[in-house]
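Chemist: Quick one: structure below, then a few questions.
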Amino acid sequence: MNDTGKGLATAPLPVHSSAMTDQTAADRNLAMEAVRVTEAAAIAAVRFMGQGDEKTADQAAVKAAHMALHNMMIDGTIVIGEGAQGETSRLFVGEKVGTGDGLKAQVAVVPLEGKSIVARGGPNALSVIAMAEDGAFLSIPNIYMEKIAVGPGLPDNVVDLDREPDENLASLAEAKGVAISDLVVCLLDRPRHGQLITKVREAGARIRLIQDGDVSGVIQVTEKNTIVDAYMGIGGAPQGVLAAAALRGVGGQMQGRLVIRNNDEGAAAKAAGIEDVKRKYTTEEMASGNVTFAATGVTYGAILNGVRTALDGAVTHSLVMRSATRTLRLIEGHHDFLRRDQGD
C-alpha cells in the first residue's frame, strides 16, 4: 500500500528532538493497521457491487475484516460489531481479536455500511472501524439514535438536540459568519424525517438527502472543503458511536440520544446498562480515550472514492483520524494481487 501523502491535518504532529517514543510509534502503526482492515473489507464487498445481493456483499466484507483484525498486533475486544454471540460467528460483541500482543483496545467495526448501496451500485458505501485505547465506546444496543453533528473549529455547544432546527441553524450560521441560506444540512431520506426536513427548509437552509449510510453523512462535516455544514436526524445507534469516534479525530461536535420505539428496545437499552434513555450523549461520552478511526470507500462518494479493481490489483481510497494528534489523513492504497497470491 502506498500513502500518497494527501493529508489534511487539523493540528501539527508533535515534534521530538530524538526518536519517536515507542507509544507514538505504536499509535501510528495502529492507525495504518486499522486502514488495512477497512481496505480488505472494501475490496471484498465491491466484487458484488450492483449485483442486487446485499447479504453476500456484507458477508464478504465481514469475513475479510474478521481475518484482517485477527492479524493485527493488538489485544482487542469487539464492542460494536455484527451482533451478539450466538447471532453471528464473526465479529460478535465480546469477541477477542488480534494477536493478543500490543495495545489493549476496544473495537467498533462496521465492515460494510450501506449494504443496500452496494447491492444497487449507489454512492457513499463505506467500511469503517474505530479503536479506543485507554478509553471506551458507549455500550449501546442496535436501535435508533437521534443525532446532530457539526465539524471542527466551532464554539462549544453551538448546536443542541433540545433546540429547534431554526435555532440551531441560526447559531451555526452566526458561528461561521454566514447566512443561514449558505448552510447545507445532510439527512437520511426517510419518511420519519418529513417534519425535520420541512423545518430546515423553512429556516432557509439547504439540504443534502442521502439514501443510506449515516456514518458517511456525519463524516462529511469533518472536511473543511465539503459543502455539508451539519448532520441531523435519526439513524442507527451503533453508527452514531462510530460517527462520534470520527469526530473525536478532528475536534467536531456531536450529540446523540436513543430513540426507544417499543418495550423490546427499552429492555435492550436497560440490558446494555443504560438507565436514562432520554440522556443526551456528547462526542466524548460516546467515544472516549485515545481514538483511532478509519474508513475506506467501497463505492464512489462525497468524501472518498470507491474501490477501483483490475485483474491484478486494486486501488483504494481511505481516511484515518487520530484523536491524540487531531489529524485527518487521506490514503490512496495500491494493492498488488499477484504478489499477495505469491505469499508476499
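The values are calculated or read from the model by the stated rules, or taken from the named source; none is laboratory data. Just so it is clear, the structure is predicted and the values come from calculations on it, not from any experiment. When we count neighbours, we look across all protein chains shown, and the Cβ atoms used for this are built from the backbone with ideal geometry, even at glycine.
Chemist: If you take the residues of region 278-288 that are surrounded by fewer than 18 Cβ atoms within 10 Å (Cβ to Cβ) and within 23 Å of the chain's Cα centre (by Cα), which of them is nearest to residue 30 (Cα to Cα)? Reasoning before the result, please.
Modeler: In the first step, residues of region 278-288 are kept if they are surrounded by fewer than 18 Cβ atoms within 10 Å (Cβ to Cβ); the result is 278-280, 282, 284-285.
Now drop any that are not within 23 Å of the chain's Cα centre (by Cα), which leaves 279-280, 282, 284-285.
On the way: 279: 32, 280: 31, 282: 25, 284: 20, 285: 22 Å.
If we take residues in region 278-288 being surrounded by fewer than 18 Cβ atoms within 10 Å (Cβ to Cβ) and within 23 Å of the chain's Cα centre (by Cα), then 284 is nearest to residue 30 (Cα to Cα).
Chemist: Only one of 322, 326, 308, 248 is more than 30 Å from residue 60 (Cβ to Cβ) and not polar (S, T, N, Q); which? Before you say what the answer is, go through the steps one by one.
Modeler: Working: 322 fails: more than 30 Å from residue 60 (Cβ to Cβ); 308 fails: more than 30 Å from residue 60 (Cβ to Cβ); 248 fails: more than 30 Å from residue 60 (Cβ to Cβ).
When all the criteria are applied, what remains is 326.
Chemist: Moving on. Please tell me if residue 26 is over 19 Å from residue 319 (Cβ atoms) and modelled with pLDDT under 90. Explain how you work it out, then say what you get.
Modeler: Working: over 19 Å from residue 319 (Cβ atoms): yes; modelled with pLDDT under 90: yes.
Yes: the conditions hold for residue 26.
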